[in-house]
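Written below as structure tokens is the structure these notes are about.
The values are calculated or read from the model by the stated rules, or taken from the named source; none is laboratory data. What you see is a predicted model, and the numbers here were worked out from it, not measured in a lab. Positions of Cβ are backbone-derived with ideal geometry, glycine not excepted, and every protein chain shown enters the neighbour counts.
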Amino acid sequence: MKNKNHFLLFLSIALIVGIVIGGFFNNRLNNNFQGHKSNPSYKIKKLLQFIKKDHIDTIDTGALLDDVIHQLVNKLDPHSVYFPKEAYLESRENMQGAFEGIGVQFFMYNDSLVVTQVLKNGPSEKAGIQAGDRILIADQDTLYNKKISNKEIVKILKGLANTSVNLSIYRKKSKEMLQIPVTRNKVAIHSAEVAYLLNNNLGYIKIDRFAMTTFDEFKKNINSLQSQGAKNLVLDLRQNGGGYIHIATKIADEFLKEGKRICFTKNNKGKIKEFYATSKGDFQERKIYVLIDEGSASASEIVAGALQDNDVGVIVGRRSFGKGLVQEEMQLGDGSAVRLTVAKYYTPTGRSIQKPYHLNDAINYAKEYQERILGGELLNKDSIKVIDSLKFKTPKGKIVYGGGGIIPDVFVSIDTISYLKNHDFENLNLFSFEFVDKKRTALKNLDFDEFVKTFSKNEAILNAYLKYIKYSKKITTAKRKSLNCYIMALVAREIFDETAFYKMHQKQDKMILKVLKLEKQKN
């Protein structure tokens, strides 16, 4: 193991000084390689040539090189990341906000591929695919009664736009076998899909990540909410791990007056790049609540920090993650890429919210997050450790701190009752699917309000679930209420969409309830 680590380290050093990756992949290494013999890249290429030509075992040189690059990049800082070709394509699709395929969500159920959601305006919806359909065969590929991974299924169903795939479908509710050709096309991956009115005056938008299409989705949603009467807004950035900085600054611009600083970055040469609000913001005179938690990071913290430092709106929740490093995407020529940390960003008052880290110390970096949780800061604001030397003041005199995340203006502890991992309940998602799958015809005609009214009576879905898992222990009234709300939310997602899940689930959401209380006090 020690020799292997030395070998990987040697390879890593050589990579830094100029290995040409393409030359490694195209199998053109040979004894006639021309290069200065004192150059480390010459030695490494010579070594790789010997391995390919003379090693007693067949070596997967592509996988070996991936391991080496992973080792190298992981030693730089906690947030530089290497993506092999396939992983990079998947990540890029996610951040570009679209992929090419048939447009369904699915899971394997009793050795059958079941469609759980048909994406709106996608190829499958246009072809007539329905939720609950079992896809048995795709062209010549059998997808049932065999061990097949989700990754393999995705490869079969995805494909270039305007290519066709013939699907053999079993429609359980009508007991039909159908042959449905689907023409693949671009399918949107929404990052700001959930948007609705919490009450007559207060809109809600959930942003999952800051992708290329996020701002356009956000603008469409905010315009729609305003047309419905929303005067104020809840922007939910909980568990949002970040994304593109320029998208985050555009969204922050919507709430800040022209000329206000949003953030600035500083690279290793001390070069500063500043971002300022323009006159384009459409929500500058309205009240804004930003929800954050321990999973809100990077671009989420840019938005929260920009508003907090400019005394705009109210930041509600728990201390954010604390990622103030900026990555730049660099392609390596063979379809792989690295997101390399190239700068730090700072909030308008000049604070860095990057939590401390040391090079090549990923273990302690992850441990710090665990210590925050074990230290009680998810339950009590007073447990949040601050550093007096990193104290800053906003223009109106509010005290804010750097050195590790955004501390909210209004603290809301984690809801231990609704945190279902504390319960010994299981198969929640499986139950919700089976509950809907047995009743699709009857449930299809319900709208959301009818669903809530129908199934809130006597906790019908909760009781069905408890019977499903043969649960006989006594449950407190508070836990029953919380569990009932969550299971109904899961069922609502199966019947309707993601927005229905949030509408139902947030009836017991402590942060939403806190915002509604703040709004009531304001009025």
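Kindly check whether there is at least one residue in segment 138-156 that is of a type in the set (A, V, I, L, M), surrounded by 15 or more Cβ atoms within 10 Å (Cβ to Cβ) and over 30 Å from Ala337 (Cβ atoms). Yes, segment 138-156 contains at least one residue that is of a type in the set (A, V, I, L, M), surrounded by 15 or more Cβ atoms within 10 Å (Cβ to Cβ) and over 30 Å from Ala337 (Cβ atoms). Candidates Phe264, Phe283: the one that is in contact (Cβ under 8 Å) with a residue 60 or more places away in the chain and either assigned to a loop (DSSP other than H, G, I, E, B) or under 30 Å from Ile373 (Cβ atoms) (or both) is Phe283. Entry remark, segment 93-119: residues being within 23 Å of the chain's Cα centre (by Cα), surrounded by fewer than 19 Cβ atoms within 10 Å (Cβ to Cβ) and either free of Cβ contacts under 8 Å to residues at least 12 places away in the same chain or farther than 21 Å from Asp208 by Cα (or both) number 2 in total. Do we have Ile156 as of a type in the set (Val, Ile, Thr), out of contact with any Cys (no Cβ under 8 Å at 6 or more places or on another chain), touching a residue at least 24 places away in the same chain (Cβ under 8 Å) and at negative phi here? Judged against the criteria, Ile156 is not a match. Restricting attention to segment 131-156 and to residues that are touching a strand residue (DSSP E or B) at 6+ places or on another chain (Cβ under 6 Å) and not in a strand (DSSP E or B), the residue that is nearest to Pro181 (Cα to Cα) turns out to be Asp139. Out of all the residues in segment 322-353, which are modelled with pLDDT of 95 or more, crowded, with 19+ Cβ neighbours inside 10 Å and either in a loop (DSSP other than H, G, I, E, B) or touching a Gly at 6+ places or on another chain (Cβ under 8 Å) (or both)? Within segment 322-353, Gly322, Lys323, Gly324, Tyr345, Tyr346, Thr347, Pro348, Arg351 qualify. Lys438 falls short of the stated requirement of being over 21 Å from Asn110 (Cα atoms) and without any contact (Cβ under 8 Å) to a residue 12 or more places away in the chain.
Just one of the numbered conditions (1) loosely packed, with under 14 Cβ neighbours inside 10 Å; (2) closer than 25 Å to Ala161 by Cβ is not true of Asp57: (2).
Could you pull out the residue among Ile272, Ile205 that is more than 19 Å from the chain's Cα centre (by Cα) and either closer than 18 Å to Thr347 by Cβ or buried (at least 17 other Cβ atoms within 10 Å of the Cβ) (or both)? Only one candidate passes the filter, namely Ile272.
Among the numbered conditions (1) out of contact with any Lys or Arg (no Cβ under 7 Å at 6 or more places or on another chain); (2) without any contact (Cβ under 8 Å) to a residue 40 or more places away in the chain; (3) assigned to a helix (DSSP H, G or I), tell me where Gln179 comes up short. All conditions are met except number (3). Would you confirm whether any residue within segment 274-282 is closer than 27 Å to Leu340 by Cβ, in the same structural domain as Ala304 (by TED's automatic domain parsing) and touching a helix residue (DSSP H, G or I) at 6+ places or on another chain (Cβ under 7 Å)? Taking every residue of segment 274-282 in turn, at least one turns out to be closer than 27 Å to Leu340 by Cβ, in the same structural domain as Ala304 (by TED's automatic domain parsing) and touching a helix residue (DSSP H, G or I) at 6+ places or on another chain (Cβ under 7 Å).
Suppose we filter Asp382, Asp449, Asp415 for residues that are under 21 Å from Val314 (Cα atoms) and assigned to a helix (DSSP H, G or I); which single one remains?
Values: Asp449 fails: under 21 Å from Val314 (Cα atoms); Asp415 fails: assigned to a helix (DSSP H, G or I).
So the residue among Asp382, Asp449, Asp415 that is under 21 Å from Val314 (Cα atoms) and assigned to a helix (DSSP H, G or I) is Asp382.
Of the residues in segment 355-369, not one is buried (at least 22 other Cβ atoms within 10 Å of the Cβ) and either touching a strand residue (DSSP E or B) at 6+ places or on another chain (Cβ under 7 Å) or not β-branched (Val, Ile, Thr) (or both). Taken over segment 384-400, the criterion of being hydroxyl-bearing (Ser, Thr, Tyr) and surrounded by 14 or more Cβ atoms within 10 Å (Cβ to Cβ) is satisfied by Thr394 alone. Would you confirm, using the coordinates I've provided, whether Thr441 is surrounded by fewer than 17 Cβ atoms within 10 Å (Cβ to Cβ) and in a helix (DSSP H, G or I)? Criteria met by Thr441. Could you please find all residues in segment 354-379 being outside any helix (DSSP H, G or I) and of a type in the set (S, T, N, Q)? Selection gives Gln354, Asn360.
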